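The values are calculated or read from the model by the stated rules, or taken from the named source; none is laboratory data. As the structure is a prediction and not an experimental result, all values here were calculated from the model. With ideal geometry, Cβ positions are generated from the backbone for all residues, glycine too; neighbour counts draw on all protein chains shown.
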Amino acid sequence: MLTVLSGGTGSRKLIDGLVKIIPQKEINVIVNTADDIEIYGLYISPDVDSVIYTLAGIFDEERGWGIKNDTFNFHEMITRIVPTYSWFHIGDKDLAIHVLRTNLLKSGMKLTEVTKFLCEKLNIDCKIIPMTNDKVTTYIFDGIKKRHFQEFWVLHRGNMPIKSIIFDNIENATPSNEAVEAILKSKLIIIGPSNPITSINPILSLARMKDIIISSEAKKIAISPIVKGSPFSGPAAKLMESLGLEVSAYQVAKIYEDIIDVFIIDENENDDRFKELNIEIVKTNISLKTQEDRIRLAKFIVNNYYK
Ligand code: GDP
């Protein structure tokens, strides 16, 4: 069994490759839930949904979110009446998932149980595991106002000053039991090429999470989301800069240094400082753009660290 720590974009692509190489039932995915948001009273879990849709074969690869060939009748109608969330598009098929999740949560099920139910119904054999059943929320503070991460990224496209990043309630949140079990039973733990600040950091900041990972007998690897000083996509650079961190694969390696054995960087990366770190640095092509890319990197990982 292997476990991937994931957000909703980079790691999702790696998982898309992994399922072509090994059986789904051998794969656990622990997913960030700090981006979760309530809109129109609906509980929306964007990273969990991106992983679910990918594994159900219905992810909209062109848009980079939601379900392919979805329609937006609900969105059109509701924003005609109340424009408050006109910036957050919810497709009609996507809406079905949010309505179901919200109702199941209201009936007393935990987020992990609801996710398991959705996976069963969508014929997904991978275990998709929300990182926690506790509420954790990422906010971006611009010095005047605190905004939900979705508002920062989707509405403002990241174009606002960042004074601080807040993971609300993280100090009281514990990893879900399923996440702990997955980590302790795995032969390989992969920190996917996700945003280290707002996707992986919330997972690693849960109570005892780092110690649980360290105590696992699994081989621990991470894949860089950054090549030659630039992320492939998303706000990682801006978020790292706001924390006074250099935007580099080396910096990401430093963030994970105390919990991983191997850090996978791009074959074109040249940085002598990697030698200072107490981890093995491995170079390969880490682009996950095409299906071939995803399968190639998944094969590389499975052949070197899982077989
Ligand atoms: P979010 O939940 O949407 O923020 O997504 P993630 O945190 O899972 O992923 C965002 C990160 O994925 C960014 O930092 C990107 O640099 C990284 N990423 C996107 N595409 C690729 C890719 O093709 N290869 C690699 N190595 N990283 C990627």
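Here are the numbers for the structure shown:
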quantity	calculated
Search result, residues across segment 210-219 that are out of contact with any Ser or Thr (no Cβ under 8 Å at 6 or more places or on another chain) and either touching a residue at least 24 places away in the same chain (Cβ under 8 Å) or not in a helix (DSSP H, G or I) (or both)	Lys210, Ile212, Ile213, Ile214, Ser215, Glu217, Lys219
Pairs with Cβ under 7 Å, 6+ apart, first in segment 98-114 and within 19 Å of Ile128 (Cβ to Cβ), second acidic (Asp, Glu) and in a helix (DSSP H, G or I)	Thr112/Glu178
Residue that is farthest from Ile264 (Cα to Cα) [pool: residues in segment 220-238 that are touching a residue at least 24 places away in the same chain (Cβ under 8 Å) and more than 9 Å from the ligand (Cβ to nearest atom)]	Lys238
Qualifying residue in segment 182-194 (condition: surrounded by 15 or more Cβ atoms within 10 Å (Cβ to Cβ), without any contact (Cβ under 8 Å) to a residue 40 or more places away in the chain and not in a helix (DSSP H, G or I))	no
Residue within segment 72-91 that is within 20 Å of the chain's Cα centre (by Cα) and either modelled with pLDDT under 95 or exposed (fewer than 15 other Cβ atoms within 10 Å of the Cβ) (or both) present	no
